[in-house]
Each structure stands twice: as C-alpha cells, then as structure tokens.
1. Taking F12 as the residue in question, decide whether it is over 21 Å from A78 (Cα atoms), among the hydrophobic types (A, V, I, L, M, F, W, C) and open to solvent by less than 50 Å² (accessible area, probe 1.4 Å).
2. Filter region 1-50 down to residues that are in a helix (DSSP H, G or I) and basic (K, R) and give me whichever is nearest to A70 (Cα to Cα).
3. Restricting to region 51-63, name every residue that is at pLDDT below 80 and within 17 Å of H30 (Cβ to Cβ).
Amino acid sequence: HARAQFLLGVCFVKGIGVARDVAEGARLFHLTADRGYAAACVSFGGALLSEFAGSDPSQKREGALLLARATRQREDSASSDAALKQLGEFAGEREVVRACCIGCGQTKEL
C-alpha cells in the first residue's frame, strides 16, 4: 500500500481531487519514505534538501539519507537515477555528502 499512500501525497501536493495541502502531502511522503518506497524517498528527500527545509542541517542530513536509500533500490531505476541527480546538485555541501556516505554504508570520516 506504500504506492497508494505515495500517490495520495502527490494528490495533496498538487491539489488533484482534493484541496491542495502541501503539509499533508509531505506527511504522507514522509510516512511512505519511512517504509522504504523509493519514489517517496526521492520526493521527500529532495524536499528536505531544497528551500522547503531552509538551512536546518538535520533536515538536510535526513534528506540526503533518504536519497541515498533510493539509490540502493535497484528495482526502481528511475527513482534511483533521480536521487543521484538530486544528490549531485548538493555535492558541495559537506553535511549532505557525509549523510549520503553514511546512508550508503561508508563510515570513513570525511
């Protein structure tokens, strides 16, 4: 049911069939990402890295971890590719790189 929950989040974010509610969409993305659904990891992880999260380092780390998780889900290559692209956009930010490396199992200190 993770896919259905994710798609409901998309409906809330875009206002498709329901009143637009970005906060509810983000909540559903977060729940679905916690269940490991790759598309949700990309959507919510990307949102946490963007202006949506501001400059909160903990949210940026969580976003990078979610994107790293999506890159490891080989059954969904489109989500994996999208996650890699988004991580590349933030490659200059030390905390993002560190969280991504930890998320991928690299524990060597940067």
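1. On the way: over 21 Å from A78 (Cα atoms): yes; among the hydrophobic types (A, V, I, L, M, F, W, C): yes; open to solvent by less than 50 Å² (accessible area, probe 1.4 Å): yes.
It is true that F12 is over 21 Å from A78 (Cα atoms), among the hydrophobic types (A, V, I, L, M, F, W, C) and open to solvent by less than 50 Å² (accessible area, probe 1.4 Å).
2. Taking region 1-50 as the starting set, the residues that turn out to be in a helix (DSSP H, G or I) are 2-14, 22-34, 38-49.
Then keep just the ones that are basic (K, R); that gives 3, 14, 27.
On the way: R3: 14, K14: 22, R27: 18 Å.
Selected residue: R3.
3. Of the residues in region 51-63, the ones at pLDDT below 80 are 51-61.
Result: F52, A53, G54, D56, S58, Q59, K60, R61.
For (1) within 13 Å of the chain's Cα centre (by Cα); (2) small (G, A, S); (3) crowded, with 20+ Cβ neighbours inside 10 Å, each residue gets a yes or a no:
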{"position": "I16", "(1), (2), (3)": "no, no, no"}
{"position": "R27", "(1), (2), (3)": "yes, no, no"}
{"position": "L31", "(1), (2), (3)": "yes, no, no"}
{"position": "A38", "(1), (2), (3)": "yes, yes, yes"}
{"position": "S43", "(1), (2), (3)": "yes, yes, yes"}
{"position": "A47", "(1), (2), (3)": "yes, yes, yes"}
{"position": "Q59", "(1), (2), (3)": "yes, no, no"}
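The values are calculated or read from the model by the stated rules, or taken from the named source; none is laboratory data. On a predicted model such as this, the values are computed, not experimentally measured, just so you know. Neighbour counts are summed over all protein chains in view; Cβ atoms, including those assigned to glycine, are modelled from backbone coordinates with ideal geometry. Areas reflect the complete protein model, heavy atoms only, side chains present, ligands, DNA and RNA absent. Shrake-Rupley method; radii C 1.70, N 1.55, O 1.52, S 1.80 Å.
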